[in-house]
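Student: For reference, the structure I am asking about is given below.
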Amino acid sequence: TYEGSFSFDDNESAVEDFVTGLQTRPLNTFNFNFEGTIYDNPTLGTADFDLDDNFIGLTYSDGDGIFTFGTDSFTLDVDDAFFTYDVSGFQGTGLVSFNLSTPESTTTPEPGFLLGLGLFGTTLLTKRLNK
């Protein structure tokens with residue numbers, strides 16, 4: 001059995017992998033449970049893109065296991081997505097499904113708003129002390 005998740009920042013600049021010719025981006029997170037072994041070091045994997053910047057899968061290798069997730073075409077079609085593995089000399093394939101999850105936007109208050117909030121709080125405190 002296997003399950004996992006990963007994330008990457010699509011605003012990160014892609015770098016060409018000279019071996020595969022693919023464009024790659026670093027992973028922010030990676031967590032994959034394969035047959036009871038957890039693989040979770042995102043620095044050992046990359047998100048892979050074709051030359052038109054379409055996501056086509058990811059590659060992960062930690063020296064003991066090599067995993068490739070993606071499709072056999074240059075556009076990720078969730079209907080034909082699969083992964084291959086080579087773990088300690090044991091090789092195989094499996095089906096995989098991808099679910100796109102876009103993180104919710106986190107907003108940072110404008111400095112002017114924070115300053116205004118601080119002045120408002122100071123004004124209230126001053127009025128209370130003067131009563």
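Student: If I filter segment 1-26 down to residues being in a loop (DSSP other than H, G, I, E, B) and hydrophobic (A, V, I, L, M, F, W, C), which single residue comes out as modelled with the highest pLDDT?
Tutor: Ranking the candidates gives ALA14 first.
Here is a yes/no grid of residues against (1) surrounded by fewer than 17 Cβ atoms within 10 Å (Cβ to Cβ); (2) in contact (Cβ under 8 Å) with a residue 24 or more places away in the chain; (3) farther than 23 Å from LEU95 by Cα:
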| position | (1), (2), (3) |
| --- | --- |
| GLY4 | no, yes, no |
| ASP9 | yes, no, yes |
| VAL15 | yes, no, yes |
| PHE34 | no, yes, no |
| ILE38 | yes, no, no |
| ALA47 | no, yes, no |
| LEU58 | no, yes, no |
| ASP62 | yes, no, no |
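Student: Still on this structure: Identify the single condition in (1) under 23 Å from VAL87 (Cβ atoms); (2) β-branched (Val, Ile, Thr); (3) in contact with a Ser or Thr (Cβ under 8 Å, 6 or more places away or on another chain) that ILE38 does not satisfy, given that it satisfies every other one.
Tutor: (3)
Student: Then there's this: Filter segment 1-24 down to the residues that are charged (D, E, K, R) and under 16 Å from LEU51 (Cβ atoms) and list them by number.
Tutor: Of everything in segment 1-24, those that are charged (D, E, K, R) and under 16 Å from LEU51 (Cβ atoms) turn out to be ASP10, GLU16, ASP17.
Student: Here is a further query. Run down THR29, THR126, THR122, THR43 and say which single residue is assigned to a helix (DSSP H, G or I) and modelled with pLDDT of 80 or more.
Tutor: THR43
The values are calculated or read from the model by the stated rules, or taken from the named source; none is laboratory data. The model shown is predicted, which means the values in this text are computed figures rather than measured ones. Here Cβ is always computed from backbone atoms with ideal geometry, including for glycine, and neighbour counts include all displayed protein chains.
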